[in-house]
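Heads up, the thing below is written out as structure tokens.
The values are calculated or read from the model by the stated rules, or taken from the named source; none is laboratory data. Owing to the predicted nature of the structure, the values given are computational and were not obtained by experimental measurement. Please note: Cβ atoms are built from the backbone with ideal geometry, for glycine as well, and neighbour counts cover all protein chains shown. These area figures cover heavy atoms from the full protein model, side chains too; ligands, DNA and RNA do not enter into them. Shrake-Rupley method; radii C 1.70, N 1.55, O 1.52, S 1.80 Å.
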Amino acid sequence: MRDFKLIILSTIALFLSVMNVTAQDSIQVNESQLDTFAVSILTCTPGEELYAKFGHTAILVRDNVRQNNIVFNYGCFNYNSDNFMYKFLLGQTDYILGAEDLENFMYRYSYMGNGVTEQTLNLSREETNKLVNLLFDNLRPENQEYRYNWLYDNCTERARDIIEKAVDGNVDYAAKTKDTTVRKMLNKCLENDVWSSFGINLILGEEIDNEADKRIQMFIPDVYRAEVDEAYIVRSDGRKEKLISSKRIILDETNCFEKASMVTSPLAVAILLLIISAILLGFEMKTRRYCAPFDVSLHLIQGFAGIIVSFLFFFSEHPAVDSNWLVILFNPIAIIYSIWIIYCCQKKKKNYLAYANVSVIVTFCIIMIVCQQTYSHAMYIVVAILLIRSISQIRFISK
């Protein structure tokens with residue numbers, strides 16, 4: 001049951017994990033002297049907490065005259081708003097652009113052990129002024145709110161888009177595009193958090209197994225940081241200028257991440273359950289006694305996980321959750337089926353629904369083979385366990 005709770009936590013925290021969120025402070029700046037500003041991209045390294053596993057991107061506006069340095073952060077939201085968690089699961093969370101002093105920003109990330117890299121933009125005075133004006137315009141109460149999308153419109157992509165809007169020309173991201181998918185990128189970020197990785201793979205479907213182009217890959221802050229390092233501004237006359245004039249680490253990372261233990265990983269737990277299932281099947285064949293409690297527990301866990309998968313599949317606006325083939329196997333019907341097993345055992349009736357159960361599992365096995373969606377290694381073993389137990393249930397109908 002502890003493992004299932006971890007799945008729930010990873011599911012809920014997935015959409016918080018893409019960007020770190022901060023409180024909004026009110027900063028007053030004299031907009032009449034915009035020509036004193038320099039603008040930088042701040043990239044924060046991943047943190048220990050699940051919501052910070054993917055790092056963070058912000059925009060720093062340095063006032064070289066008044067030393068009034070402001071961090072603009074598209075990752076803020078009001079946690080105390082009405083029905084926040086329900087709206088969050090539905091994908092209807094509205095984020096806002098916040099602003100805070102650089103000192104507060106650095107103190108918070110230093111406390112969490114994150115590193116921060118600053119990349120100074122190589123913009124003309126006019127481009128810098130335009131960018132700062134756009135940021136202040138976004139900061140107005142009527143403009144600062146936007147519908148957050150963890151894959152296609154998150155904090156990093158908002159920062160990228162507003163910088164591109166201020167540039168007089170086009171931004172050419174010259175770095176070689178890697179052949180990868182969003183799922184591979186997510187798993188790479190969570191390689192030291194195997195339960196969160198398992199939870200994410202449980203709720204996200206086939207959409208993230210398509211090859212991700214360069215712009216989609218930039219939803220990860222560190223990918224965007226690497227891209228702007230090699231990016232150019234292409235002027236209307238064909239001239240190319242580096243997008244970044246300088247780069248430096250302004251805060252050293254102090255986090256030390258421990259390598260994930262395979263002993264307590266989802267794969268290890270799944271293998272253990274598979275061994276137990278095989279032993280139970282042998283015991284049942286020898287004693288001709290059906291071990292109903294194990295199957296009831298198994299289908300209850302399957303059903304409760306299915307509540308999350310089904311809710312996201314049918315109701316959420318989050319990307320990729322509505323293309324999840326696992327909804328065939330993980331849905332609330334499994335809870336009803338577990339109650340039916342109890343009823344059949346108490347009334348000494350044959351469980352003819354076992355035929356429907358094994359049909360669903362076999363159908364899903366075929367889908368796993370022919371469809372593009374990728375599953376965790378542990379999920380393949382979970383499906384094998386369900387198949388073994390369904391065969392056992394059918395055996396006791398015929399006997």
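Worth a mention:
- Wholly within the stretch 89-205, helices (runs of 4 or more DSSP H) carrying at least 2 residues that are in contact (Cβ under 8 Å) with a residue 24 or more places away in the chain and acidic (Asp, Glu): 125-139
- Some residue of the stretch 337-359 being open to solvent by 70 Å² or more (accessible area, probe 1.4 Å) and among the polar types (S, T, N, Q): yes
- Screening Gln372 on (1) assigned to a helix (DSSP H, G or I); (2) of a type in the set (S, T, N, Q); (3) in contact (Cβ under 8 Å) with a residue 12 or more places away in the chain; (4) surrounded by fewer than 16 Cβ atoms within 10 Å (Cβ to Cβ) shows it passes everything except condition (1).
- Here Gln393 meets each of (1) open to solvent by 70 Å² or more (accessible area, probe 1.4 Å); (2) assigned to a helix (DSSP H, G or I) with one exception, condition (1).
- Candidate set from the stretch 241-296 (those that are more than 23 Å from Gly199 (Cβ to Cβ), of a type in the set (Lys, Arg) and exposed (fewer than 13 other Cβ atoms within 10 Å of the Cβ)); member that is nearest to the chain's Cα centre (by Cα): Arg248
- The stretch 164-191 - residue that is within 24 Å of the chain's Cα centre (by Cα) and acidic (Asp, Glu) and, of those, farthest from Gly47 (Cα to Cα): Asp179
- The single residue among Leu326, Leu312 that is surrounded by 16 or more Cβ atoms within 10 Å (Cβ to Cβ), touching a His at 6+ places or on another chain (Cβ under 7 Å) and under 26 Å from Thr93 (Cβ atoms) turns out to be Leu312.
- Residue pairs meeting the criteria (Cβ under 7 Å; at least 6 apart or on separate chains; first under 12 Å from Val116 (Cβ atoms), in the stretch 236-256; second of a type outside the set (A, V, I, L, M, F, W, C) and part of a loop (DSSP other than H, G, I, E, B)): Ile249/Gly115; Leu251/Gly115; Asp252/Gly115; Glu253/Thr45; Glu253/Gly113; Glu253/Asn114; Glu253/Gly115; Thr254/Gly113
- Condition met for Glu118 (open to solvent by 30 Å² or more (accessible area, probe 1.4 Å) and over 19 Å from the mean Cα position of the chain (by Cα)): no
- Failed criterion for Arg147 (all others in (1) open to solvent by 60 Å² or more (accessible area, probe 1.4 Å); (2) under 23 Å from Asp229 (Cα atoms) hold): (2)
- Of the numbered criteria (1) loosely packed, with under 15 Cβ neighbours inside 10 Å; (2) free of Cβ contacts under 8 Å to residues at least 60 places away in the same chain, the one Cys76 fails is (1).
- The single condition among (1) open to solvent by 30 Å² or more (accessible area, probe 1.4 Å); (2) in contact with a strand residue (DSSP E or B) (Cβ under 6 Å, 6 or more places away or on another chain) that Ala231 does not satisfy is (1).
- Residue list for the stretch 35-79, restricted to those being of a type in the set (Asp, Glu) and either part of a loop (DSSP other than H, G, I, E, B) or more than 21 Å from Glu127 (Cα to Cα) (or both): Glu48, Glu49
- Any hit, the stretch 175-183, residues being open to solvent by less than 50 Å² (accessible area, probe 1.4 Å), among the basic types (Lys, Arg) and touching a helix residue (DSSP H, G or I) at 6+ places or on another chain (Cβ under 6 Å): yes
- Residue within the stretch 208-222 that is of a type in the set (D, E, K, R) and over 25 Å from the mean Cα position of the chain (by Cα) present: no
- Only one of Ile381, Ile391 that is under 25 Å from Ala268 (Cβ atoms), modelled with pLDDT under 95 and out of contact with any Phe, Trp or Tyr (no Cβ under 9 Å at 6 or more places or on another chain): Ile391
- Pair list, Cβ under 7 Å, 6 or more apart: the stretch 261-276 residue of a type in the set (Asp, Glu), other residue open to solvent by 50 Å² or more (accessible area, probe 1.4 Å): none
- Members of the stretch 50-96 that are more than 30 Å from Asn129 (Cβ to Cβ) and in contact with a strand residue (DSSP E or B) (Cβ under 9 Å, 6 or more places away or on another chain): Ala52, Asn78, Ser81, Lys87, Gly91, Gln92, Thr93
- Taken over the stretch 206-235, the criterion of being charged (D, E, K, R) and either without any contact (Cβ under 8 Å) to a residue 40 or more places away in the chain or touching an Asp or Glu at 6+ places or on another chain (Cβ under 9 Å) (or both) is satisfied by Glu207, Glu211, Asp213, Lys214, Arg215, Arg235.
- Flag for Arg215 being open to solvent by less than 50 Å² (accessible area, probe 1.4 Å) and part of a helix (DSSP H, G or I): no
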